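Data block below; observations after.
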Amino acid sequence: MRQGPVARDGDRQDEPLSVAMVFGISGVDPLEWDACAAGKGPFLRHAYLSAVEDGGLAVPENGWRPAHMIARDVCGRMVGAAPLYLRDRSTDEFWPDQAWIDSFQASGGRYFPKLVMEVPYTPVTGARILLREGAPSGVADALSGAMRSLAHKHGLSSIHVGFPDEEDRAHFEQAGWLTRHAVDYEWRNAGYGDFTDFTAALSSHRRSVMLWERRKVRESGVRFRDLPGSRVGEADVVAFLDLLADLHNRRGRRQALTMDFVLRLCATFGDAVTLTFAESVGVAIGALLTIEGEGCLYVRSWGAREGARLVHFETCYYRTVEQAIARGLNRVDGGRGGPHKLARGFLPKLSHACHWFLHTNMRRAVAEGLQLDNAKVLAAFTQEQARSPFRRQAGR
């Protein structure tokens, strides 16, 4: 599709931009894509999206059809991109919309297919409109306008942007999109020298509980084995996926990760990936996949046998914080939700999704519901902030 001259923030864009759709990340040159995704975290890199798509996760069988959009300037240089997928269902997503589906279809509408802008199976906040350094000012408008044109042309009910960063959220809100909030958690490095330095900043109660939990795990005889990505083999992935499936089955959810995906991830990102096993008497009872990038350690996937609660806290929170301090990282992304993370030193943060609807009545109905839902989320966020596990400073 062709996009003519566009302007943003009062700047004139004299040269036309072309916006095209690519049905799979393999159809985009990795160097061009990564030039637009540079500095935006590991999950927006061409290699990660390739692992997601070619590794059997974001595939038509699971309801994901890649429809990425790329923008080029008059010289043919790629200056912007957006990771997009057409979806014929809402499974394996982190922003439930079943109530919207039921309401729209009950009134005779067709909710699917819908268009989503996100990194599949990856609830991590980041850029969603990827702009190359020095890109013309109109690229973001060109890409979002092309999405809306696609929805109008094919009668798509809606477009959903999952976990946009603040800049992209502002872009969509200014264009009239609706925003939904959620509370997630992350650990932030305040210049700690070691784990003891970190615990000294906690309230005496939280410090005592944390040290007790760590001691109980040590006394239980559980041992930990950290495998860097370059050393992960098929047998390790089988054990990891088995633990992941065990946990998901107990929670009534589908375990989506595949061996191909994990092996591709390890092969591509090497020792930025770590697979950690918690073992009791030589038997794995828990496993965690983490990825490091852009000064952050991302807690990505955890699997465990029943009854491994304290092992969960040790593996996913205490040890990752220790590693982040040792490596001089700025933060640990704790993954989706989880108020129990607050007691382990992970502070609340807001994450967002932005939504556009083709039909005015649908937009109006969703807006009314979101007004109430967002008020509850923001109230919960304020309460979580007040429950900080850290010592209160004088004068606060």
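The values are calculated or read from the model by the stated rules, or taken from the named source; none is laboratory data. Computed from a predicted structure; not experimentally measured. Note that each Cβ is placed from the backbone with ideal geometry, even for glycine, and that neighbours are counted across all protein chains shown.
Please indicate, with yes or no, whether at least one residue in the stretch 23-32 is modelled with pLDDT of 95 or more, touching a Leu at 6+ places or on another chain (Cβ under 8 Å), more than 30 Å from ALA367 (Cα to Cα) and buried (at least 18 other Cβ atoms within 10 Å of the Cβ).
yes
Would you check which residues across the stretch 82-135 are under 17 Å from MET147 (Cβ atoms) and of a type in the set (Lys, Arg) and list them?
Result: ARG87, LYS114, ARG128.
Select, from ARG206, ARG231, ARG264, the only residue that is modelled with pLDDT of 95 or more, more than 23 Å from the chain's Cα centre (by Cα) and surrounded by 16 or more Cβ atoms within 10 Å (Cβ to Cβ).
Of ARG206, ARG231, ARG264, the one residue that is modelled with pLDDT of 95 or more, more than 23 Å from the chain's Cα centre (by Cα) and surrounded by 16 or more Cβ atoms within 10 Å (Cβ to Cβ) is ARG206.
Condition first: surrounded by fewer than 22 Cβ atoms within 10 Å (Cβ to Cβ) and over 19 Å from the mean Cα position of the chain (by Cα). Now tell me which residues in the stretch 68-88 satisfy that.
Once the filter is applied, which keeps residues that are surrounded by fewer than 22 Cβ atoms within 10 Å (Cβ to Cβ) and over 19 Å from the mean Cα position of the chain (by Cα), the stretch 68-88 yields ARG72, ASP73, VAL74, CYS75, GLY76, ARG77, MET78, ASP88.
Given the structure, is PHE240 out of contact with any His (no Cβ under 6 Å at 6 or more places or on another chain), surrounded by fewer than 22 Cβ atoms within 10 Å (Cβ to Cβ) and touching a residue at least 24 places away in the same chain (Cβ under 8 Å)?
Considered against the rule, which asks whether it is out of contact with any His (no Cβ under 6 Å at 6 or more places or on another chain), surrounded by fewer than 22 Cβ atoms within 10 Å (Cβ to Cβ) and touching a residue at least 24 places away in the same chain (Cβ under 8 Å), PHE240 comes out as no.
If the Cβ limit is 6 Å and pairs must be 6+ apart or interchain, which residue in the stretch 46-66 that is farther than 20 Å from CYS36 by Cβ and assigned to a strand (DSSP E or B) pairs with which residue that is of a type in the set (Ser, Thr, Tyr) and at pLDDT 95 or above?
TRP64/TYR85
Can you find a residue in the stretch 103-113 that is of a type in the set (A, V, I, L, M) and under 16 Å from VAL28 (Cβ atoms)?
No: zero hits.
Please go through the stretch 149-167 and pick out each residue that is among the charged types (D, E, K, R) and either out of contact with any strand residue (DSSP E or B) (no Cβ under 7 Å at 6 or more places or on another chain) or modelled with pLDDT under 95 (or both).
Within the stretch 149-167, LYS153, GLU166, GLU167 qualify.
Go over the candidates ALA324, ALA375 one by one and state the one that is at pLDDT 95 or above, in the same structural domain as SER301 (by TED's automatic domain parsing) and either on the phi > 0 side of the Ramachandran plot or not polar (S, T, N, Q) (or both).
ALA324
Of all the residues that make up the stretch 322-339, how many are more than 19 Å from the chain's Cα centre (by Cα) and closer than 20 Å to VAL209 by Cβ?
Here the count works out to 2.
Within the stretch 122-141, is there a residue that is over 18 Å from HIS352 (Cβ atoms), assigned to a strand (DSSP E or B) and among the hydrophobic types (A, V, I, L, M, F, W, C)?
The answer is yes, given that some residue of the stretch 122-141 is over 18 Å from HIS352 (Cβ atoms), assigned to a strand (DSSP E or B) and among the hydrophobic types (A, V, I, L, M, F, W, C).
With respect to THR199, is the statement that it is under 29 Å from the mean Cα position of the chain (by Cα), among the β-branched types (Val, Ile, Thr) and outside any strand (DSSP E or B) true?
Against the criterion (under 29 Å from the mean Cα position of the chain (by Cα), among the β-branched types (Val, Ile, Thr) and outside any strand (DSSP E or B)), THR199 qualifies.
Need pairs with beta-carbon distance below 6 Å; first residue assigned to a strand (DSSP E or B) and within the stretch 202-223, second of a type in the set (Asp, Glu) and surrounded by 12 or more Cβ atoms within 10 Å (Cβ to Cβ); sequence gap 6+ or separate chains.
ARG223/GLU279
Looking only at the stretch 333-355, decide whether some residue is assigned by TED's automatic domain parsing to the domain that holds GLY155, within 30 Å of HIS154 (Cβ to Cβ) and surrounded by fewer than 20 Cβ atoms within 10 Å (Cβ to Cβ).
no
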